[in-house]
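Beneath this line is the structure, given in structure tokens, with notes to follow.
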Amino acid sequence: MRLEAKNVSFRYDRRQPWVLENTNLSIESGERLALFAPSGYGKTTLAMLLAGYLEPTRGEVLLDGKNLPKKGVCPVQLIYQHPEKAINPRWRLKKVLEESGEMREEVLDAFGIERAWLDRFPRELSGGELQRFCVARALMSGADFLICDEISTMLDVITQAQIWNVVLDEAKNRNMGIIAVTHNKHLANRIADRVYDLSKQEYL
Amino acid sequence: MKKLNRRTKVLLLTILMTVILIAFYAFAVLIPESAVASSFLNAKLPPSWEHPFGTDALGRDLLMRTFKGMAVSMTVGIVASGISAVLAVFIGIAAATGSKRVDAVISWIIDLVMGIPHTVLIILISFALGRGLKGLLVGVAATHWCSLARLIRGEVLQLRSQQYVAVSRRLGKSSGWILVHHLLPHLVPQFFVGLVLMFPHAILHEASISFLGYGLPPEQPAIGIILAESMKYISAGMWWPAVFPGLTLVLIVLLVDRLGDNLRMVIDPYNAQE
Amino acid sequence: MKQKNETLLEIHDLSVSFRMYDGGLEQKELQVISDLHLTVRPGEIVAVAGSSGSGKSLLASAILGILPSNATVRGHLHYKGQQLTPEIQSRLRGREIALVPQSVAFLDPLMKVGKQVDGHKKPYPTEKRRGLFKRFALPEKTESLYPFQLSGGMARRVLVSTALISDAELIIADEPTPGMSLDQALEALQMFREMADAGKAVILITHDIDLAFEFADRVAVFYAGTTVETAPAADFRKGADALRHPYSKALWRALPQNGFQPIDGFQPYAGELPKGCLFAPRCPHATEECRCQIPPIRETGDGEVRCFHAS
């Protein structure tokens, strides 16, 4: 499978400046790409475009040459920076996981998710624990591509390493493609085969 | 004894208020007709131990009449604000989830209804529907949904822009599923608080419309009718038929209003810690 | 780097707990900081590192005396040898102890930036503020802008100015770097370095620990609301073997540039803390002693550690 952005440009409104202009990017199944750029270069916007959360103003995002499906489970899943915003505060965490379909015990084990956490509400858990749920939810949806937008920026380094190691293992086993948005060069080098600098529009 | 914390106090107070209101209503409904029978021997008596609120020009006990009158007014209030609140939820959700044009039309109607003084509007609707209970109910119900509808519209718009709703959509959930599972649970507390706070307005409007003679007919002795009748005698120095039923109305309305505020405090998580 | 021996701020056995509602109507005490130790001397940057929930930001509030009213503070908080009481705290706040807040959200959105940096001091320190802005390469017109007109980098420099103008001797910077590019972060940290070199003391609360290693003199590692180790930053630059506490070692090893090796488990929650050493459930060297008893903090070399087995 191949996920690609072809000459993608985006702006929120006619009167607004372009957030992204003529961006090209492509990634194959099993590949790991890091998107690296200082703030203000539209990293998050590109992540949202690739996962179908936004429609490009010009150009197109293609999965195997076709547009992303509008209905049904999207094969490209996005994980946000702030897990507490990506989880309904009135839901128990069991429901959060069930939303993506089948509950896979081995994923819970890999993330070290305690079974007692499943009956709790999001405000009772820390950001690191909630992010495990967000990542687990994306993995259990059966995604072919995972877009990770600064998913470990707010976490301590041990939790960061825990989560990324599980994601990289799953990616390997399932031949999943990963795009990781980050501003941490060390992290980019550690997790990705290729690093793309959005500010210079070139591979490092 | 252990000192009670604030949340416990508020909750106890809320329960106490609810019990008082229900007891008041139940007692009023159970009063037999004979208790308010006219008796010319007892006409125009000032307050005494036997008749704490005094009697009116036809010799009816004003305490019992006030109870019965409040019960009628409360029934109208409950039914009208119930209809109004349900209306508000549907309209609010429709405005927030519909197309831009639907939203614009609904917002325009809300501005319109809020722009006309409610009393005038209720009189017009009540009059058009032939006065009586039906006209009054429709009138009160049709005018009180606006602010709650606006609140719900805002809440739904804000919820719909949440990341977890966007995620849900990309996990293949339909709009209906999202409405039921993500949005409605957030709206339930809003709905109940809105309903309770709408109730005192509804009672007051019912009372004032009946007072003006555009609402319930004299055979249904709502509190507004009792107050209207009292006006005839007040110049003759009969102050009690106006003062006591009026005070009771104010007390009940205040009680329900405080109940709504307390309920909001119990439900609001940001108010939780001391 | 000049280092004097007298301490400016000394904290030991500090505990902070909150009265919280526990689901229904019952309230319980939640201990979020326990037996915390930290000393700060003039002329040094002490970095406070730890994950979220380790009590880093609460420490700043406890020093400034701005905890919410349902919090209880116990223990020793000494500033210049004097116990900090609410009265003293309110006198020192903004004068001798200044906070560099996390974001522009802490500025009044309706007040011009220049006026806000001046604060309530009379006569207004306008000249000094202009000097500071010039040093931080903020254009002259910045003073007549409103907070929303500032770019992220400008806002950061304005926030630092608010702390500097006060002549504060102790500056607490709460997570000053997230969301900044590497260049901006380095620039901000360089400013703190210069402040420390001018004889002030800086507490740098951060979870960008690799940056903290570069700029701080000492690093205090927090875990579940307590200090597990305080060590010279040089030890963190040397590597895991130079560190004393198993958690500090684990932090070092989990960095992407040093192995990316996590340890299992998670930081315990307040209210569910283990009986003995807070790190015992995740520690590879934990013994029976560790599980039953909280190890005292003790000095080793030029650092402090809270572990029975550390050398």
Given +1 on the Cβ of Lys and Arg, -1 on the Cβ of Asp and Glu, and no further charges, what dipole in debye does the protein assembly as shown carry about its Cα centre, rounded to the nearest 20? 1440
Accessible area (Å², 1.4 Å probe, nearest 10) - C:Asp302: 110
How large is log10 I(q)/I(0) at q = 0.11 Å⁻¹ when the Debye formula is applied to the Cα atoms of the protein assembly as shown, each weighted equally and without solvent? -1.27
Those aspartates and glutamates that a straight Cα-Cα span of less than 15 Å connects to B:Lys173, excepting residues fewer than 8 apart in one chain: A:Glu98, A:Glu99, A:Glu102
Would you list A:Glu31, A:Glu202 from the most to the least accessible area, probe 1.4 Å? A:Glu202, A:Glu31
Calculate what fraction, in whole %, of the accessible area of the protein assembly as shown sits on carbon and sulfur atoms when a 1.4 Å probe is rolled over the protein chains. 57
Read phi for every residue in segment C:249-261 and hand back ³J(HN,Hα) as whole Hz from Karplus 6.51 cos²θ - 1.76 cosθ + 1.60, θ = phi - 60°, with x for Gly and Pro. 4, 5, 4, 4, 6, 7, 4, x, 7, 10, x, 6, 9
Ranked by accessible surface with a 1.4 Å probe, highest first, in what order do C:His207, C:His309 come? C:His309, C:His207
Segment A:21-49 to segment B:80-140: how many Å between their Cα centroids? 49
If you restrict to DSSP beta bridges whose two residues both lie in chain C, what percentage is antiparallel, to the nearest 5? 60
Taking placed amide H atoms and a strict 5 Å upper bound, the residues 5 or more places from A:Ser199 or on another chain that come that close are none
The set of residues whose placed amide H lies less than 5 Å from the amide H of C:Asp35, leaving out same-chain residues fewer than 5 positions away, is C:Leu14, C:Ser15
Using each residue's phi in segment C:125-140, evaluate 6.51 cos²θ - 1.76 cosθ + 1.60 at θ = phi - 60° and report the 3J(HN,Hα) Karplus result to the nearest Hz, with x for Gly and Pro. x, 4, 4, 4, 5, 4, x, 4, 4, 5, 4, 8, 6, 8, x, 4
Nearest 5 percent is fine: what portion of the DSSP beta bridges confined to chain A is antiparallel? 45
Once amide hydrogens are built 1.01 Å from N within the peptide plane, the residues lying 5 or more places from A:Thr57 or on another chain with amide H under 5 Å from its amide H are A:Ser9, A:Phe10, A:Arg11
In peptide C:15-21, what is the residue-averaged number of other protein chain Cβ atoms found within 10 Å of each Cβ? 2
Convert each backbone phi in segment A:68-82 into a coupling constant with the Karplus relation 6.51 cos²θ - 1.76 cosθ + 1.60 (shift: θ = phi - 60°), then list the ³J(HN,Hα) values in order as whole Hz, x for Gly and Pro. 5, x, 8, 10, x, 5, 6, x, 10, 10, 9, 10, 8, 6, 10
Pick out, from B:Ala96, B:Gly82, B:Gly130, the residue whose Cα sits farthest towards the positive end of the charge dipole of segment B:60-272, with +1 on the Cβ of Lys and Arg and -1 on the Cβ of Asp and Glu. B:Ala96
Rolling a 1.4 angstrom probe over the protein chains, ignoring ligands and nucleic acids, what is the accessible area of B:Met231 in square angstrom, nearest 10? 90
Have a look at C:Ala216, C:Ala168, C:Ile205 and report the one farthest towards the positive end of the charge dipole of segment C:113-217, computed about the Cα centre with Cβ charges (Lys/Arg +1, Asp/Glu -1). C:Ala168
Antiparallel DSSP bridges in the protein assembly as shown: what percent, to the nearest 5? 55
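The values are calculated or read from the model by the stated rules, or taken from the named source; none is laboratory data. Predicted model only: the values in this text are computed from it and were never measured. Here Cβ is always computed from backbone atoms with ideal geometry, including for glycine, and neighbour counts include all displayed protein chains. Protein only, heavy atoms only, side chains kept; ligands, DNA and RNA dropped before computing areas. Shrake-Rupley method; radii C 1.70, N 1.55, O 1.52, S 1.80 Å.
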